[in-house]
Amino acid sequence: MTWIDGHCHLADRRMDRDRQEILTTARLRGVTGFVMGGVDPDDWSRQRTVAECGIYMTFGLHPWTVINTEPAKLQKALEQLHTKLKDAVGLGELGLDYLRGPTSTSRAIQRTYFTRQLEIARDADKPVVLHIVKAHDDALKLLRDMGGRFHGIVHGFSGSADLAGAYLKLGLHVSIGCALLKSGYKVLKRELKHIPETAITLESDAPDMHPSGRTNINRPDIIVDVAKAVTDLTGRPTAKVLDQSSKALRILFGLDDPIRSD
Ligand SMILES: [Zn+2]
């Protein structure tokens, strides 16, 4: 089987210089599928220029975009999302980031656009890619208030097994990445073995989340190293961790992944 990076930003300008080499290296390591995260309308356009065999688009309004965009522009972007979403495999990134937007005004607007995007995803029957930072209680409440039963991933997950279980109950997977390769993240590292293996997907979040810090460009094939870290913490075989994640991602996002060999 070949493997899938469940969340990366291949259309990010930081990838422009070495994109082809980065993709070649990833494919040589067995990573042949890439689900891109979408952040704003400019990014959606760039994704169209990058998408090719095995590279999948998701469109969404990232909470940082929601915080930093004037209301009229944001409303227009939301309308565009309605029509453009048909070309994407999922809606994301959407969510709540109370670390970047801690004020009550910022939280309120984030909740509004989170809810509106969830409604769009539900109407279009698309999976979601959630970005939730320091806002899990509110995110879970909003998801439950909308009747639960979404599908998709909680990207960059670093919480406890109980928190993972709460998302699982709503139909979501937890997407785990380079937190396992960095220092800290003790809760996740301690509790990983208690999160059901079928609930976990793997991601790089490249070019972000390089284990050695922000100035370095992260790459999608790092999911192989993330899987090895899962093995160290849980005893689950690395190939099985990668296979299981890729299988879940194919089902969740309806990927046709033409390079698969199984
Ligand atoms: Zn991302």
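The values are calculated or read from the model by the stated rules, or taken from the named source; none is laboratory data. Just so it is clear, the model here is predicted, and its values are computed rather than measured. Counting neighbours? That spans all protein chains shown, and the Cβs are built from the backbone with ideal geometry, glycine included.
With respect to Ile251, is the statement that it is free of Cβ contacts under 8 Å to residues at least 12 places away in the same chain and out of contact with any Asp or Glu (no Cβ under 8 Å at 6 or more places or on another chain) true? Answer is yes for this residue. It is to be established whether one or more residues within the range 128-136 are within 15 Å of the ligand (Cβ to nearest atom), surrounded by fewer than 16 Cβ atoms within 10 Å (Cβ to Cβ) and either over 19 Å from Pro71 (Cα atoms) or without any contact (Cβ under 8 Å) to a residue 60 or more places away in the chain (or both). There is no residue in the range 128-136 that is within 15 Å of the ligand (Cβ to nearest atom), surrounded by fewer than 16 Cβ atoms within 10 Å (Cβ to Cβ) and either over 19 Å from Pro71 (Cα atoms) or without any contact (Cβ under 8 Å) to a residue 60 or more places away in the chain (or both).
Only one of the numbered conditions (1) in contact with a helix residue (DSSP H, G or I) (Cβ under 8 Å, 6 or more places away or on another chain); (2) of a type in the set (Lys, Arg); (3) in a loop (DSSP other than H, G, I, E, B) is not met by Arg149, and that is (1).
The residue that is farthest from Gly54 (Cα to Cα), among those in the range 1-37 that are without any contact (Cβ under 8 Å) to a residue 60 or more places away in the chain and under 18 Å from the mean Cα position of the chain (by Cα), is Ala11.
When you check Leu168 against the structure, is it without any contact (Cβ under 8 Å) to a residue 60 or more places away in the chain, aliphatic (A, V, I, L, M) and surrounded by fewer than 21 Cβ atoms within 10 Å (Cβ to Cβ), yes or no? The answer is yes for Leu168. Of the listed requirements (1) without any contact (Cβ under 8 Å) to a residue 60 or more places away in the chain; (2) touching a Lys or Arg at 6+ places or on another chain (Cβ under 9 Å), Ile217 misses just one: (1). Summed over the range 200-216, residues that are surrounded by 15 or more Cβ atoms within 10 Å (Cβ to Cβ), within 15 Å of the ligand (Cβ to nearest atom) and either at pLDDT below 95 or closer than 19 Å to Ala11 by Cβ (or both) total 8. Within the range 68-120, the residues that satisfy the criterion of being of a type in the set (Ser, Thr, Tyr) and either surrounded by fewer than 21 Cβ atoms within 10 Å (Cβ to Cβ) or modelled with pLDDT under 95 (or both) are Thr69, Thr83, Tyr98, Thr103, Ser104, Thr105, Ser106, Thr112, Thr115. Is at least one residue of the range 178-193 at pLDDT 95 or above, touching a Phe, Trp or Tyr at 6+ places or on another chain (Cβ under 6 Å), outside any loop (DSSP other than H, G, I, E, B) and within 16 Å of the ligand (Cβ to nearest atom)? Yes. Against the conditions (1) part of a helix (DSSP H, G or I); (2) more than 15 Å from the ligand (Cβ to nearest atom), Asp43 satisfies every one except (2).
The set of residues in the range 14-40 that are in contact with a strand residue (DSSP E or B) (Cβ under 9 Å, 6 or more places away or on another chain), away from the ligand (no atom under 13 Å from the Cβ) and part of a loop (DSSP other than H, G, I, E, B) comprises Arg29, Gly30. Within the range 141-161, which residues are surrounded by fewer than 18 Cβ atoms within 10 Å (Cβ to Cβ) and touching a residue at least 12 places away in the same chain (Cβ under 8 Å)? Once the filter is applied, which keeps residues that are surrounded by fewer than 18 Cβ atoms within 10 Å (Cβ to Cβ) and touching a residue at least 12 places away in the same chain (Cβ under 8 Å), the range 141-161 yields Leu142, Arg144, Met146, Gly148, Arg149, His151, Ser160. Within the range 66-100, being part of a loop (DSSP other than H, G, I, E, B) and away from the ligand (no atom under 16 Å from the Cβ) holds for Thr69, Glu70, Tyr98. When Ile195, Ile222 are checked against the criterion of being free of Cβ contacts under 8 Å to residues at least 40 places away in the same chain, crowded, with 19+ Cβ neighbours inside 10 Å and at negative phi, a single residue qualifies: Ile195.
Considering only residues that are within 16 Å of the ligand (Cβ to nearest atom) and under 18 Å from Asp256 (Cα atoms), which ones fall in the range 53-65?
Keep residues of the range 53-65 that are within 16 Å of the ligand (Cβ to nearest atom), which gives 55-65.
Ile55, Tyr56, Met57, Thr58, listed by residue number.
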